[in-house]
Amino acid sequence: MHGKRPTIASRHGMVAAAHPLAAAAGARILAAGGNAFDAAVATAAALNVVEPYMSGLAGQGLATCYVAAEKAVKVLDFVPRIPAHFPVERFSRRQELSRGGAPIGAPGNLAGWCTLRDAYGSRPLSELFAPAVALARDGFPLAEFNVEEINGVSGELRQQPAGAIWAANYGIGSQPARLGDILRQPDLAGTLEALAAEGPGLLYGGALGKRVVEHVAAMGGSLDMSDLLAVKPEWKTPLAISYRGHSINLPPPPCEGFQTLLTLRVLEGLDLPSRTRDGLEHLDLVLRAIRLAAGVRIAHSVPTPARIAELLSDTHVARLRARVLDGTPIDGPTEQWTPPATPAKGESHTTSFSMADRHGNLVCVTQSLGAVFGSGVVVPGTGLCLNNFLFWTDVNPASPNRSKPGAVMPICMAPMILTKDERAVLALGTPGSYGILQTQAQALVQLLDYGLPLQEAIEAPRARLTDGRLVTVENRVGTEVLQGLAARGHIVDGSAAWTMKTGGMQGVAVDPDTGALTGGCDPRRDGYCVPA
């Protein structure tokens, strides 16, 4: 209406995901009597089919959940450890871990999905995987973002040693993919059916796992069966702060989401609503707070609970807030530890989806393959595209945060649940590599400081900071604002009105008075909300 998306709301269930067919798969489970945990599994499996370049059962991820029966927020961490025999000494730059066998880490997503279902779901795996199996076997027409992503990497991946297998799996011929082309994945359909029948043990120690390990070894990777057997998703207590009367909950370290919380702690002491929304003062303060928080996160990799408490303390936050307000330009890294003048790193390809049910459960999942199609390695006959998560290890020999074989892996994801007066009111997450830790804070400012509805808050202009002083700002904020930011020391790229560099956010809000569920989805990608 009036050029905007309608408000998508329901009393019974809501799914917001990065592809309409995946959101529909989750909503179908809710409509059939499943709960939000069941819907999360169905949505995740369907995303494996309809956005195979973003995530899949061979990826890794995190979930933050509100469990209504327990009146508690809980985190499920399904990011496996770095392989025990990862030869970190062989590498000195992240770019050496881009494609092929070397960057492949253990698949964690399947274990995470099954743990969600086993702990709180109510439907068998065969029912939850059924929509994904049908989509994989029957095929689905490619949408705009599908075409963009496939064509964007097909030339590169076809040249890789495993390029022919990848191209055959995704039906990539000599011609570019076109809108409406049908993508069928029969091997993936068979794998999902076998997993539904035999359970996750088929991958973690079974015949499927053996095929994965053998193929990774043939591609020069370090993953072995001991790494698969060691995959154990872990329930954790979330890290939380208070912001504008809400409790913001997200995964604790080694998740790096504490950067988002630190940004919000700094901003809470500033009177943002007195500044014009999306104006110079609003954006300058937020961008400065983000860059400072990123620097703190990089300097304190995988902090202990005691160190986290110190970093989020009033004393430390007050020092950062004073630095935000002093007006002097802020220069520094935003991703990993880097020596001076190191250029910004590449993008990741991740997905985030949120759902809520009539019982009061909320689930927010963020998961990834790493880069576009991960490692680019598809295990023959399985339809499984493997991740390149070891690209996100720190292999710089000079870095104080250099990764170690068998160690936990810091990960830049931040699926969050917001509560108010001990009631869950929002599930929100986004993809975007290290931008995740930046853009979710920006969306919450739009929601909680400026009072925008969820969909409008997601659509509001966002920015992505990279190393040094560089910041990409969606130019819908206006030329005067962009010029003002440049005058204050930011190096501004304002060339796009909408860019996926600032994420692809999905969320579900709950009205605490009526219980109405409202979905929000991101037009920067193929986001869609489907009510149940």
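Any read-out appearing in this document is the output of simple, stated calculations on the displayed coordinates, not a laboratory observation. Since this is a predicted model, take the numbers as computed values, not measurements. Neighbour counts run over all protein chains shown; Cβ positions are idealised from the backbone, glycine included.
For the pairs 4/74; 71/236; 4/501; 4/71, flag any whose C-alpha to C-alpha distance is greater than 25 Å.
Details: 4/74 35 Å; 71/236 15 Å; 4/501 22 Å; 4/71 35 Å.
From the list (4/74; 71/236; 4/501; 4/71), the Cα-Cα distance tops 25 Å for 4/74; 4/71.
Hey, what did the chain get for relative contact order, percent, Cα under 8 Å, at least 6 apart? Don't skip to the end; give the middle numbers.
Details: 1266 pairs, mean separation 136.4, N = 532.
It rounds to 26 percent for the chain.
Rg and Dmax in Å for the chain, alpha carbons only: what are they?
21.6, 61
Identify, among 197, 171, 153, the residue whose Cα sits farthest towards the positive end of the charge dipole of region 143-288, taking +1 on the Cβ of Lys and Arg and -1 on the Cβ of Asp and Glu, with the dipole about the Cα centre.
197
Counting only other residues whose beta carbon sits under 14 Å from that of residue 257, what net charge do I get with K and R as +1, D and E as -1? Spell out each step's value before the answer.
Working: positive: 236, 265, 297; negative: 77, 256.
So the environment of residue 257 carries a net charge of +1.
Test of understanding: given the chain, find the longest segment containing no GluC sites (Glu not before Pro) that are in a DSSP loop and have at most 11 other Cβ atoms within 10 Å. Show your work: numbers first, answer last.
Numbers: sites that count: 70, 422.
For GluC sites (Glu not before Pro) (loop position, at most 11 other Cβ atoms within 10 Å), the longest site-free span of the chain is 71-421.
Sum -39500 (n - 2.57) across every DSSP H segment of at least 4 residues in the chain, then divide by the residue count to get the 222 nm mean residue ellipticity, nearest 500. Walk me through the numbers on the way to the answer.
Details: 16 runs with 179 residues, N = 532.
Per the formula, -10000 deg cm²/dmol.
With each label point set 7 Å from Cα along the Cα-Cβ vector, what nm distance links residue 230 and residue 281?
Inter-label distance under the simple model: 5.3 nm.
Would you order 315, 518, 351 from fewest to most other beta-carbon atoms within 10 Å of each residue's own beta-carbon? Kindly include the intermediate steps, with their values, before the conclusion.
Numbers: 315 7, 518 22, 351 31.
Ranked by crowding around the Cβ, least crowded first: 315, 518, 351.
Would you mind calculating the gained length between residue 168 and residue 144 on full extension (0.36 nm times residue separation, minus the Cα-Cα distance), in nm to one decimal?
Details: separation 24, 0.36 × 24 = 8.64 nm, distance 2.10 nm.
Computed gain between residue 168 and residue 144 is 6.5 nm.
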